[in-house]
Amino acid sequence: MMKRIARRICVLMVFLAGGALTPLFSQPLSLEFIYGGLEDAEAILQDYLKPYALILGSDLNAGWYNTARPHKLGGLDITATVSWAKAPASTLTYDLALLNLNGTIEPNPSTLAPTVAGEQENRPSISYTQMVDLGGGNMQEVEYSNLTVPDGTGLDYIPLPMAQLTVRLPFGTDVSARFVPSVGYRDYGEIGLWGVGGKHSLSQWLPLADRLGFLDISVQGGYTRVSSSVHVVVEPQPLVQVDNYPDFNWDDQFITQEVEGWTLNLIASQTLPVVTFYEGIGYASSTAELMMEGHYPLHTVILDDASEDYGKTTYEILENPVSTTFKNYNNLRLNVGVRLKLGVLTFHYDFTHTLYVTHSVGLGISFR
């Protein structure tokens, strides 16, 4: 019976994860800012993808518990949860003028550009030029790249589903494991996660709390890691005059994210017939490593004056050109929620205020 239940939970999580991926991977992203050079590409990539890195960091630290009361010895529960953090309005755009780019920014009508979580019809563009000496003091400015910064998805939240198994150990301690099997959507990307956590009852050491049968106090902690990738499309621009790689296949381009989240909380719950209210306060931290993997064209100008193509535009091929890391430490975490228990079935909802506001809903089966 337990194997059948676990298998059905896994099927549910694959379905939910596929639904979460659909709006994100409905079409390949275009990140043409790599044309202008690695320094500018890294600066733009950081601001462009930052909301999704922080959303995932917030999602990872949610949904760990729906009561402070540990199971009875030998008890367990299997819970399917979906958490979604929402990016605030201030993170839907970034200002190119603040990035100290090497290219020339052309406002349209301003220098504000959308992040991946935003959406903007009129976007600024960036041009890159190189001065070429034609001899005799004759200098010519050659434009080797002109691009409009990428649009966002218009999706300011990411629903992150996961399945979690919790079992009771001795000494008032529950241990939990959570996962989403690696799930892909067509050729556009994939996502998967795993995590471990635990909860230890403090009520058993507090005489007053132990005598109040409805009140439970525990300490809880957890670690989760998610890996995701999104397919991107970056090919040389038509303004390239010299193409030394006309048949190169650019299909190996992906933006990958490795996001880790840690949380430590003091939680309390009040158990009544059918309904349980729970609260938590603690800290949450996350790190996210973002990488441009695959091969990408870097535009340039041929400056070898012995070449017959001197002064013309071309490109070089770079492999895995950009990697950047976001770190978010010591974010205060406040959490409130409610759980309904009908026989072995449980339903819960909670609200968490941390770096980004996060909601979680879940259903499960609980024994003992």
Scan the range 19-31 and give yes if some residue there is at pLDDT below 55, open to solvent by less than 20 Å² (accessible area, probe 1.4 Å) and part of a helix (DSSP H, G or I), otherwise no. yes
Being part of a loop (DSSP other than H, G, I, E, B), more than 30 Å from residue 67 (Cα to Cα) and open to solvent by 20 Å² or more (accessible area, probe 1.4 Å) narrows 273, 246 down to just 246
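Every residue in the range 187-235 that is out of contact with any Ser or Thr (no Cβ under 9 Å at 6 or more places or on another chain) and open to solvent by 20 Å² or more (accessible area, probe 1.4 Å), please.
So in the range 187-235, the residues out of contact with any Ser or Thr (no Cβ under 9 Å at 6 or more places or on another chain) come out as 187, 204-208, 211, 225-226, 231, 235.
Result: 187, 204, 205, 206, 207, 208, 211, 225, 231, 235.
Of all residues in the range 249-270, which are within 22 Å of the chain's Cα centre (by Cα), not aliphatic (A, V, I, L, M) and not in a loop (DSSP other than H, G, I, E, B)?
Initial filter on the range 249-270 (within 22 Å of the chain's Cα centre (by Cα)): 252-264.
Right, trim to not aliphatic (A, V, I, L, M) and you get 252-254, 256-258, 260-263.
Listed by number, the residues that qualify are 254, 256, 257, 258, 260, 261, 262, 263.
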Residues in the range 58-74: is at least one open to solvent by 10 Å² or more (accessible area, probe 1.4 Å) and assigned to a strand (DSSP E or B)? no
What strands (runs of 3 or more DSSP E) completely inside the range 303-358 contain at least 3 residues that are over 21 Å from residue 284 (Cα atoms), in contact with a strand residue (DSSP E or B) (Cβ under 9 Å, 6 or more places away or on another chain) and in contact (Cβ under 8 Å) with a residue 40 or more places away in the chain? 313-319, 322-342
It is to be established whether one or more residues within the range 86-99 are closer than 25 Å to residue 282 by Cβ and open to solvent by less than 10 Å² (accessible area, probe 1.4 Å). yes
Counted residues, the range 212-243 - those being closer than 24 Å to residue 158 by Cα, assigned to a strand (DSSP E or B) and among the aliphatic types (A, V, I, L, M): 3
Quick check on the range 42-57. Is at least one of its residues among the basic types (Lys, Arg) and either modelled with pLDDT under 90 or assigned to a helix (DSSP H, G or I) (or both)? yes
Among (1) in contact with a Leu (Cβ under 7 Å, 6 or more places away or on another chain); (2) modelled with pLDDT under 90; (3) not in a helix (DSSP H, G or I), residue 209 falls short only on (3)
Residue in the range 293-338 that is modelled with the lowest pLDDT, counting only those that are open to solvent by 70 Å² or more (accessible area, probe 1.4 Å) and of a type in the set (Ser, Thr, Tyr): 329
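The values are calculated or read from the model by the stated rules, or taken from the named source; none is laboratory data. Because the structure is a prediction, the values reported are computed rather than measured. Counting neighbours? That spans all protein chains shown, and the Cβs are built from the backbone with ideal geometry, glycine included. What goes into the accessible areas is simple: the full protein's heavy atoms, side chains included, and nothing from ligands, DNA or RNA. Shrake-Rupley method; radii C 1.70, N 1.55, O 1.52, S 1.80 Å.
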